[in-house]
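Chemist: Got a structure here, written out as structure tokens. Questions coming.
Each reported figure results from applying straightforward, stated rules to the coordinates on display, with no laboratory input. Quantities reported herein were computed from a predicted structural model and do not represent experimental measurements. Note: ideal-geometry Cβ built from the backbone for every residue, glycine included; neighbour counts use all protein chains shown.
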């Protein structure tokens, strides 16, 4: 059956996400999947037991639209301990089915047709389409290759009277870099005396290395008062398939975002929220995460040391970017497909994270895998 009428889409020209494309290719080729960002190891069995416990206790109906208050209260306690930032759990914390939906709700609620949104690229691929769906106009600043640092003067030049939002992401997907306190202070200077909202995507907040503290916008009161912070339980607890996230924002922003969110999903998974409200009290689960993933990063780097890939800096997230200019002249998309087909390792080409497909011959590898997977993938990649 086929509809033969004219179909007009708000996202004409946008194809299937590169994550879905490369994961499907990996499945078809029975290749190791270092493409999509998810762990291939189990989450803590205690967390699974808690979810099962609350399912069996009958907590299987709708949760309140903003999320269970008990969970929001625990997030407020955690946020104050980590960042010395106080959020009211009733009016400033909202639970969502994943970080991506939170991002969409924020943009849909706050960006009006014609508003400009500054996006720093390469960037997570949901930002620009979400702006487009809201009728906004994306303006792009670029991280400086190869260290992927922000030129704040470039960002400042993009600011106009139409600028409604600036989107930042730290630790950064796809590059694995982080923003410093100095970065935050420069951003604070740019947005002062304006109506610009900052959306800070911090879903990898606990995956940061080398003893460095995560510089959340929550730490900077002048930024926090105009910022929405996105976070993710999936990244923290190795449960990306559960699609559980949340956002923090001042009450005046939260009120408007919730108006949009209630018509997108209304509420997130109830028994999982009950489980997380208990599980989050175990601080070691997230405080030990930096060491856990740093060990994996360092082991993977050691395994790739004999390869022809150039390993770029990785200070956070669970992604290692590598340059392949000594291996091939192919575009990064073609090279990623080639090594999936021939070497049975799926990766992500970085050009897809730029609005104009800028190609620096860099691939993104996910090292949130067990050691056996890292060893097998490294063995294949070092043969290139």
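Chemist: Does segment 54-119 come out rounded, prolate or oblate, given a ≥ b ≥ c as the square roots of the eigenvalues of its C-alpha gyration tensor, rounded meaning a/c under 1.5 and, failing that, prolate meaning a/b above b/c? Mind dumping the intermediate values first?
Modeler: On the way: a/c = 2.79, a/b = 1.43, b/c = 1.95.
Since a/c reaches 1.5 but b/c is at least a/b, the shape of segment 54-119 is classed as oblate.
Chemist: A follow-up question, please. In segment 155-245, what percentage of the DSSP-assigned beta bridges are antiparallel, given to the nearest 5?
Modeler: Working: 1 of 10 bridges.
Counting only bridges with both partners in segment 155-245, antiparallel ones make up about 10 percent.
Chemist: If you take every DSSP beta bridge whose two residues both sit in segment 56-205, what share of them, in percent to the nearest 5, is antiparallel? Walk me through the numbers on the way to the answer.
Modeler: Working: 1 of 16 bridges.
For segment 56-205, the DSSP antiparallel bridge percentage is about 5.
Chemist: For residue 62, put the label point 7 Å out on the Cα→Cβ axis and report which residues of segment 85-102 keep their amide N under 16 Å from it.
Modeler: So the set is 95-97.
Chemist: So, one more: Averaging over every viewing direction, what projected area does the convex hull of the Cα atoms of segment 1-146 cover, in nm²?
Modeler: On the way: hull surface 62.1 nm².
For the Cα atoms of segment 1-146, the hull's average projected area reads 15.5 nm².
Chemist: Calculate for the chain the 222 nm mean residue ellipticity that helices alone would give, adding -39,500 (n - 2.57) per DSSP H run of length 4 or more and normalising by residue count, nearest 500 deg cm²/dmol. Write out the running numbers ahead of the final one.
Modeler: Working: 15 runs with 148 residues, N = 384.
Only helices count here, giving -11500 deg cm²/dmol.
Chemist: I would also like to ask the following. Per 10 Å bin from zero, what fraction in whole % of the C-alpha pairs of segment 171-218 is there, up to the bin with the longest pair?
Modeler: P(r) for segment 171-218, in whole percents per bin: 23, 53, 21, 3.
Chemist: While we're on this one: Of all the Cα-Cα pairs you can form in segment 83-171, what percent are over 23 Å apart? Intermediate values should be presented prior to the final figure.
Modeler: Numbers: 1255 of 3916 pairs.
Tail of the P(r) past 23 Å holds 32 percent of the pairs.
Chemist: Could I ask something else about it? Distance between the C-alpha centers of segment 19-33 and segment 43-119? Whole Å please.
Modeler: First find each Cα centre; the distance between them is then 31 Å.
Chemist: With the Cα gyration tensor of segment 203-305 in hand, give its eigenvalues times 5 under a square root as the equivalent ellipsoid semi-axes, listed largest first in whole angstrom. Write out the running numbers ahead of the final one.
Modeler: Details: eigenvalues 166, 72, 32 Å².
So the three semi-axes of segment 203-305 are 29, 19, 13 Å.
Chemist: Okay, next question. Kindly state, to the nearest 0.05, the FRET efficiency for residue 342 paired with residue 16, given R0 = 22 Å and r defined as their beta-carbon distance. Provide the component values of the computation, followed by the final result.
Modeler: Values: r = 23 Å, r/R0 = 1.03.
E between residue 342 and residue 16, to the nearest 0.05, is 0.45.
Chemist: How much length would be gained if the chain were fully extended between residue 8 and residue 41, taking 0.36 nm per residue of separation minus their Cα-Cα distance, in nm to one decimal?
Modeler: Between residue 8 and residue 41, full extension yields 7.7 nm more.
Chemist: Additional query: Calculate the FRET efficiency for residue 195 and residue 329 from the Cβ-Cβ distance with a Förster distance of 56 Å, rounded to the nearest 0.05. Can you show the working numbers first?
Modeler: On the way: r = 47 Å, r/R0 = 0.84.
The value I calculate is 0.75.
Chemist: Expressed in nm to one decimal, what extension gain is obtained for the pair residue 162 and residue 144 from 0.36 nm per residue of sequence separation less their Cα-Cα distance? Don't skip to the answer; put the middle values down first.
Modeler: Working: separation 18, 0.36 × 18 = 6.48 nm, distance 2.51 nm.
Once the chain is fully extended between residue 162 and residue 144, it gains 4.0 nm.
Chemist: What's log10 of I(q)/I(0) for segment 257-335 at q = 0.19, 0.26 Å⁻¹, Debye sum over Cα points only, no solvent?
Modeler: Normalising to I(0) and taking log10 leaves -0.89, -1.21.
Chemist: To one decimal place, what orientation-averaged projected area in nm² is obtained for the convex hull of the Cα set of segment 62-285?
Modeler: On the way: hull surface 45.5 nm².
Averaged projected hull area, Cα only: 11.4 nm².
Chemist: In a Debye calculation with equal point scatterers on the alpha-carbon sites of the chain and no solvent, what is log10 I(q)/I(0) at q = 0.06, 0.12 Å⁻¹?
Modeler: -0.23, -0.96
Chemist: Moving on. Give me the percent of DSSP beta bridges within the chain that run antiparallel, rounded to the nearest 5.
Modeler: Working: 19 of 40 bridges.
Of those bridges, close to 50 percent are antiparallel.
Chemist: Expected output is a single nm value to one decimal: the length gained when fully extending between residue 260 and residue 311, i.e. 0.36 nm times separation in residues minus the C-alpha distance. What is it? If you can, show how the numbers build up before the last one.
Modeler: Details: separation 51, 0.36 × 51 = 18.36 nm, distance 4.16 nm.
Going from the current span to full extension adds 14.2 nm.
Chemist: Would you please give the FRET efficiency between residue 356 and residue 48, computed as 1/(1 + (r/R0)^6) with r the Cβ-Cβ distance and R0 = 41 Å, to the nearest 0.05?
Modeler: Working: r = 43 Å, r/R0 = 1.06.
Computed FRET efficiency for residue 356 and residue 48: 0.40.
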